[in-house]
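Reading through the structure tokens given below for one structure.
Bear in mind that the values in this text are calculations on the coordinates, not laboratory data. These numbers come from a predicted model, not from an experiment. A quick note on method: Cβ atoms are made from the backbone with ideal geometry, for glycine too, and the neighbour counts reach across all protein chains shown.
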Amino acid sequence: MGKFIVIEGTDCSGKETQSKLLVERLEKMGKKAVRVTFPNYDSPTGKIVGGPYLGKEEISPCWFPEGAVKVDPKVTSLYYAADRKYNEKVIREYLDNDYFVICDRYTSSNMAHQGSKIRDDNERFNMYQWIDKLEYWLLGLPKPDKTIFLHVPYSYAFELKKNRLKLDEHEKSEEHLKNSEIAYLELAAYYNWTNVNCIKNDKIRTIEDISDEIIDNIKEYL
């Protein structure tokens, strides 16, 4: 049986870069490794999330007149959960064949971004639990062996984001990004994720330095 490792993180924390690099490093160690990402924009369900919901320019404008950030979090959660359920078989096939499956965002991302829409602490916690029950119990999705959380504080992420040419509905909202950071930190503590601070001495750490820490945190599986 393989190992399922999720790379989570706040905006501009390098989830894509680090998940790709982790696969490369595992392969150099002689391990079988593959990267999956959610939403899976190449799948039918992922295209629904990317276009009609998120409004990514290369797919489709957002169909919701109120904007994605203001859509009821339970409605939104169902779209993301459907994308994972549709693509579940791919993850399970790799795990059954002893692969390290490195996932760029997963159920944990759904919890953070939808929970961030709720300001009441108790209601937000209930949202986390609702998504947990929806995806892991009702839909039966595989649970990660480890979730690694890359943390870049919002103030740094805001500066990095200025270099991006294309932003989806979530990325355009400063309030959403601030609130999602709060939600991510809550979830990291509640679920005991492995935290990787991407800032050191007021500077963003190098890609290689962060990658080394990630490798250190999965040594138990190597």
**Request:** Give me Rg over Rh for segment 3-221, both radii from the alpha carbons and Rh done the Kirkwood way, two decimal places.
**Result:** 0.94
**Exposed GluC sites (Glu not before Pro) absent - longest run of the chain, DSSP non-H/G/I/E/B, at most 15 other C-beta within 10 Å** = 67-222
**Request:** Going by C-beta contacts inside 10 Å, put 141, 22 in order with the fewest on the left.
**Result:** 141, 22
**Request:** Taking the Cβ of each residue in 193, 130, 137 as the centre, tally the other Cβ atoms inside 10 Å and list the residues starting with the fewest.
**Result:** 137, 130, 193
**Helical mean residue ellipticity (222 nm; -39500 (n - 2.57) per DSSP H run of 4+; nearest 500) of the chain** = -13500 deg cm²/dmol
**Request:** Take segment 11-104, drop everything but the C-alpha atoms, weight them equally and run the Debye formula without solvent; then report log10 I(q)/I(0) at 0.12, 0.22, 0.24, 0.25 Å⁻¹ to two decimals.
**Result:** -0.47, -1.11, -1.19, -1.23
**Fewest-first ranking of 190, 106, 79, using other Cβ atoms within 10 Å as the exposure measure** = 190, 79, 106
